Amino acid sequence: METFPIFMKIRDCPCVVVGGGDVASRKVSLLLKAGGDVTVIAPMLYASLVELLKAGNIKYLNTVFEPSQLDEACVVIAATDDEDVNRQVSEAARARNIPVNVVDAPELCTFIVPSIVDRSPILVAVSSGGAAPVLARMLRARIETMIPSSYGRLAALAADFRDQVKRRFSNSQQRRIFWEDVFQGPIGEQVLSGREPAARLALQQVLKDSGDAHHGEVYLVGGGPGDPDLLTFRALRLMQQADVCVYDKLVSKEVMELVRRDADLIYVGKARDQHTLPQEKINDLLVRLAQEGKRVLRLKGGDPFIFGRGGEEIETLMEHGVPFQVVPGITAANGVSSYAGIPLTHRDYAQSCLFTTGHLKDGSVDLDWPALVRSGQTVVIYMGLIGLPEICRQLVAHGAPADRPIAIVQQGTTQRQRVIAGTLATLAEKVQVAALKAPCLIIVGEVVSLREKLAWFEPSPGAGSAE
Ligand code: SAH
């Protein structure tokens, strides 16, 4: 270890920054964030420093650097573009035993300013000891994605309840188990998803009752259209902490691979020649699993609230008092259109966009056709593969021009994506020949023709086999 990692308290302590430019300004902001009493020494000030000076947030010495200016300082940063000045600052600080950092000159530093992830009061600092700051910054970016933005609130909650918990559990191991349960269970989730008052109440209750924080919860999570990179940070986090995952066919296998390895997997989709588990049975299953104290991941393709029956599932949970949260996903319309190079709205072609389902009932599709044939809009049809010929026929019968562009996209956003474009008159036949596999999304409207120019995603053949 080349350096000794510490977090330094500088609140109300005199901090000196030599230099008035852009880099100096960034260091000043950081020192101010930590409550430092900052003096800037420079012959000229960068605009953002002028603002800080005007607002009374910093002191300013409009002079050239002199060693005696450091006499009172508790920490010094040099950020000038003059190597001689930087060296003088470093020497003067070291002569006074004051920690000094010189930007981009590790040999002149007695301390390094790490890359940080700020979830105050939680702070994560990453340093390469000055060897490779870019690498440290990249690592920081990765950590940034792993720690939810509201993580600091968890620590704040813990701080508020610390004494109470200490009184309740005298033994430190009991306290550790208690806090682990709180942070990883529904109370922690409530804080992270912005339901802090409820979390505080629940924590009070848990402390009052048995001290047992084991209650189940359901995470209704949108798994997006297929490409696992399109998951949200929250979806991924919950997927990795679930005890059991209830999923159906629409969730891509690449997404399923990210579910915690030792979670039990329960498939509720359609097996070959069989029916899907009826919705009421799924609702009951979720309630039962949560009541057993499990963290239940209800993972759905796309977004749970778009043709996903997510509303029905949480209605049942609500009735049974089971805590839950809903995590939106990228719905097929969004993901698939992006990857197919078809913008759903466009100033010249479509001012609105309509999502509908093309599910066949008794061989026909029952839709509000007059609304669907209007020009100047895009229509996205979910579940329309089987009904495609009927949909094209009805649109034309209700007045849409036969040459209106339409596309159908198979397994969009995945390596198995296929796009077939045509017109209302031609597409059905092309699709019959192409033998597409579900899921498929239909997009109707002038915007479809933009694909010729804008298609950018090319699945690599062989990278994923069709199912
Ligand atoms: N809740 C889902 C939709 C469920 S309905 C969502 O928000 O996306 C199922 C329909 O979604 C399928 O019939 C198909 O029309 C569409 N769909 C979902 N994923 C798709 C994909 N990767 N490619 C094409 N269509 C998709």
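The values are calculated or read from the model by the stated rules, or taken from the named source; none is laboratory data. Only a predicted model underlies this, so the values are computations on that prediction, with no experimental measurement involved. Positions of Cβ are backbone-derived with ideal geometry, glycine not excepted, and every protein chain shown enters the neighbour counts. Just so you know, the surface numbers come from the protein's heavy atoms only, side chains and all, with ligands and any DNA or RNA stripped out. Shrake-Rupley method; radii C 1.70, N 1.55, O 1.52, S 1.80 Å.
Just add up the charged neighbours of M146: K/R +1, D/E -1, any other residue whose Cβ is under 13 Å from the Cβ of M146. Once positives and negatives cancel, what remains is +4.
Cα gyration tensor of the chain, axes a ≥ b ≥ c as square roots of the eigenvalues: rounded (a/c below 1.5), prolate (a/b > b/c) or oblate? Oblate, because a/c is 1.5 or more while a/b does not exceed b/c. In the chain, the calculated helix contribution to ellipticity at 222 nm averages -10500 deg cm²/dmol per residue, counting -39,500 (n - 2.57) for every DSSP H run with n ≥ 4.
Where a ≥ b ≥ c are the square roots of the eigenvalues of the C-alpha gyration tensor, would you call segment 72-128 rounded, which needs a/c under 1.5, or, failing that, prolate if a/b is larger than b/c, or oblate? It comes out prolate by the Cα gyration axes. Carbon and sulfur atoms: what percent of the 1.4 Å accessible area of segment 217-330 do they account for? Of the solvent-accessible surface of segment 217-330, carbon and sulfur hold 52 percent. Computed on the chain, with alpha-carbon pairs under 8 angstrom and 6+ residues apart, the relative contact order is 9 percent.
When peptides 13-23, 231-241, 328-338 are sorted by average Cβ neighbour count within 10 Å, with the highest value leading, the order is 328-338, 13-23, 231-241.
For the chain, the longest principal axis of the C-alpha atoms and the axis of helix 83-95 are separated by about 60°. Remark: segment 217-330 carries 50 Å² of accessible area per residue (probe radius 1.4 Å; ligands, DNA and RNA excluded).
Carbon and sulfur atoms: what percent of the 1.4 Å accessible area of segment 382-425 do they account for? Exposed carbon and sulfur together represent 58 percent of the surface.
Helix 172-184 axis versus longest C-alpha principal axis of the chain: approximately 50°, rounded to the nearest ten.
Taking θ as phi - 60° and the Karplus parameters 6.51, -1.76 and 1.60, the scalar couplings of segment 336-344 work out to 5, 5, 4, 6, 8, x, 10, x, 6 Hz in sequence order, x denoting glycine and proline. With the simple spin-label model, which puts each label point 7 Å out from Cα in the Cβ direction, the K9 to Y60 separation comes to 3.2 nm. Restriction of the GluC sites (Glu not before Pro) in segment 17-100 to DSSP coil positions whose beta-carbon has at most 15 other beta-carbons within 10 angstrom yields E72.
Couplings for segment 317-324, taken from phi via the Karplus curve 6.51 cos²θ - 1.76 cosθ + 1.60 with θ = phi - 60°, read 4, 4, 4, 9, x, 8, x, 8 Hz in order; Gly and Pro are left as x. What is the distance in Å between the Cα centres of segment 389-449 and segment 4-62? Going from one Cα centre to the other spans 60 Å.
For segment 14-113, the share of accessible area belonging to carbon and sulfur comes to 51 percent (1.4 Å probe, ligands and nucleic acids excluded). Would you mind classifying segment 217-330 by shape? Square roots of the alpha carbon gyration tensor eigenvalues, ordered a ≥ b ≥ c; an a/c under 1.5 is rounded, otherwise it is prolate if a/b is larger than b/c and oblate if not. Verdict is rounded for segment 217-330.
Measuring with a 1.4 Å probe in the full set of protein chains, what accessible area per residue, in whole Å², belongs to segment 333-454? Before the final figure, lay out the partial values.
Working: 5760 Å² over 122 residues.
The answer is 47 Å² per residue.
Spread over its residues, the convex hull of the C-alpha atoms of segment 27-106 is 97 Å³ per residue.
For the chain, C15, C109, C245, C353, C392, C440 stand unpaired, since no other cysteine beta carbon lies under 4.7 Å from theirs. Qualifying GluC sites (Glu not before Pro) in segment 152-257, where qualification requires a DSSP coil assignment and no more than 10 other C-beta atoms within 10 Å, comprise E257. Put simply, the amide H of F324, placed in the peptide plane, has neighbours under 5 Å in V218, leaving out anything fewer than 5 places away on its chain.
For the chain, the longest principal axis of the alpha carbon atoms and the long axis of helix 133-146 meet at an angle near 50°. Counting heavy atoms of the protein chains alone, W179 has an accessible area of about 40 Å² for a 1.4 Å probe.
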